Structure formats: C-alpha cells, structure tokens
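Values in this text are rule-based calculations from the coordinates and carry no lab data. Here the structure is a predicted model, which means the values were calculated and not measured. Positions of Cβ are backbone-derived with ideal geometry, glycine not excepted, and every protein chain shown enters the neighbour counts.
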Amino acid sequence: MEQLQRLWSGRNGDVEPQHKDKLAHSKQVEREAHDYRKAAAQEEKNRRKQDKKDELAAYKEVRHLNGTSKRCAREEREEAKREKRRENGQMCEHGVWKCQICFPHKTTK
C-alpha cells in the first residue's frame, strides 16, 4: 500500500528526488577494488608459497635418490637414530628423545 502511495505521489511531483551521494559511492567502489586486489595478492602469495614448498620437497626426494651429498647422509643417520630410539622405547610421549618433562635430570632439589 505504501508503495502505491509513493508511486502516486511521485506522479504528482510532491516527492523529493533522492540525493545520490557520489563521494560515498566512489569510496565504496574504491574499497571493493582494494579488497579485491588484496585478496588476489594474498591468493598469489599462498600459491607461490605452496609452489616453493612442493619444489623443495621434490628437491629433497631427488637428493635422497642420489645419496652422495653430505646432507643426505646426515639426514639418513638422524632418521636411523630416531628409528632406533623408537624401537628401544626411549622416545617419550611428547615425541622427543628423553625430554626434560618425562626424564628429569634432577630428581631432588
């Protein structure tokens, strides 16, 4: 009913035209554009980070396949040590070899 009254009064010319706030509209458009650019930049950053992570993982696999580098040998020794400790039961529930919580150095003060 109200809409009909507004429509009828608009035909008679007694309704004021609504003022469009051009500054608020332009600020809104700029804000939306800024948010879009920011989201696109964040997405690109995440994509590059994931690509870098995948590249490093592939490089590590190649390094282990080659097996001649010092780093590869060290990583294999450390992994063998960890596996041996897991088998012997020396790993604590925190996933660390003899952490200070499970294996305190001092029993009394």
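Screening Glu87, Glu75 for residues that are farther than 30 Å from Gln5 by Cα and surrounded by 10 or more Cβ atoms within 10 Å (Cβ to Cβ) leaves exactly one candidate, Glu75.
Within the stretch 47-68, can one find any residue that is touching a Lys or Arg at 6+ places or on another chain (Cβ under 7 Å), outside any helix (DSSP H, G or I), among the polar types (S, T, N, Q) and free of Cβ contacts under 8 Å to residues at least 24 places away in the same chain? No, the stretch 47-68 contains no residue that is touching a Lys or Arg at 6+ places or on another chain (Cβ under 7 Å), outside any helix (DSSP H, G or I), among the polar types (S, T, N, Q) and free of Cβ contacts under 8 Å to residues at least 24 places away in the same chain.
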